[in-house]
Amino acid sequence: MMFKLSSRSLKNLKGVHPDLVAVVQLAITRTPIDFMVIEGLRTLERQKELVRSGDSRTLNSRHLTGHAVDIVPLTNGKVSWAWPQYYKLAPVIMDCAMELGVSLEWGGDWTTLKDGPHWQLSWGKYNADDMTSRRRKKLPPDVPDDIDVIDVPSPFAQIISAIVALFGRFTK
Ligand SMILES: [Zn+2]
């Protein structure tokens, strides 16, 4: 079975480094278990919140610059926090990175504060302000190469919201 990135995953890949996006796009076509990108680019405000709540220990997160994503396996459509699922997913993602020549690190390999969902481009190869692609291989032809995420609602949804707006004008 081949999986596809959900619209939520695609949305969370906006502003993320193209090499990291490419790895995720390839990985979704190879993974034995479905997964979702729950977070990509992060604001400094949110990072500060995470540090306050103890969910993160750094204000120097690679999420702030689009060099990290959080990926969670899905079991029957539900987010899984079970390590065995992460250990099934991790080698697939790592293989895709190696194939594309992308230097990637997994939070699950960290010795302190293991972070199963976390994937980041290596500091050694990618500076904080560096958004240039340097992967050595193109994505295979069957993998979509762009993530133009459409936030524009469908024409039908636009009509509905126009009606709702009109109706709201009379009721308020
Ligand atoms: Zn993360």
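The values are calculated or read from the model by the stated rules, or taken from the named source; none is laboratory data. On a predicted model such as this, the values are computed, not experimentally measured, just so you know. Neighbour counts are summed over all protein chains in view; Cβ atoms, including those assigned to glycine, are modelled from backbone coordinates with ideal geometry.
Quick notes
- Looking across Leu41, Leu100, Leu104, one residue alone is touching a residue at least 40 places away in the same chain (Cβ under 8 Å), on the phi < 0 side of the Ramachandran plot, within 16 Å of the ligand (Cβ to nearest atom) and surrounded by 16 or more Cβ atoms within 10 Å (Cβ to Cβ). It is Leu104.
- Enumeration of residues in segment 78-97 that are away from the ligand (no atom under 16 Å from the Cβ) and assigned to a strand (DSSP E or B): Lys78
- Scanning segment 48-66 for residues that are over 10 Å from the mean Cα position of the chain (by Cα) and more than 19 Å from Lys114 (Cβ to Cβ) returns Lys48, Glu49, Arg52, Leu59, Leu64, Thr65.
- Of all residues in segment 1-50 being part of a helix (DSSP H, G or I) and either touching a Ser or Thr at 6+ places or on another chain (Cβ under 6 Å) or among the hydroxyl-bearing types (Ser, Thr, Tyr) (or both), the one that is farthest from Trp123 (Cα to Cα): Ser7
- Residues (free of Cβ contacts under 8 Å to residues at least 60 places away in the same chain and more than 16 Å from the ligand (Cβ to nearest atom)) located in segment 107-129: Thr111, Gly124, Lys125, Asn127
- Of the criteria (1) under 15 Å from the mean Cα position of the chain (by Cα); (2) buried (at least 17 other Cβ atoms within 10 Å of the Cβ), which one Val79 fails: (2)
- Test: residue in segment 79-86 that is closer than 29 Å to Met131 by Cα and modelled with pLDDT of 95 or more: yes
- Residue under evaluation Leu13, criteria (1) under 19 Å from Gly108 (Cα atoms); (2) in contact (Cβ under 8 Å) with a residue 60 or more places away in the chain; (3) within 14 Å of the ligand (Cβ to nearest atom), criterion not met: (1)
- Pick from segment 51-76, criterion in a strand (DSSP E or B) and within 11 Å of the ligand (Cβ to nearest atom), ranking: farthest from Asp130 (Cα to Cα): Val72
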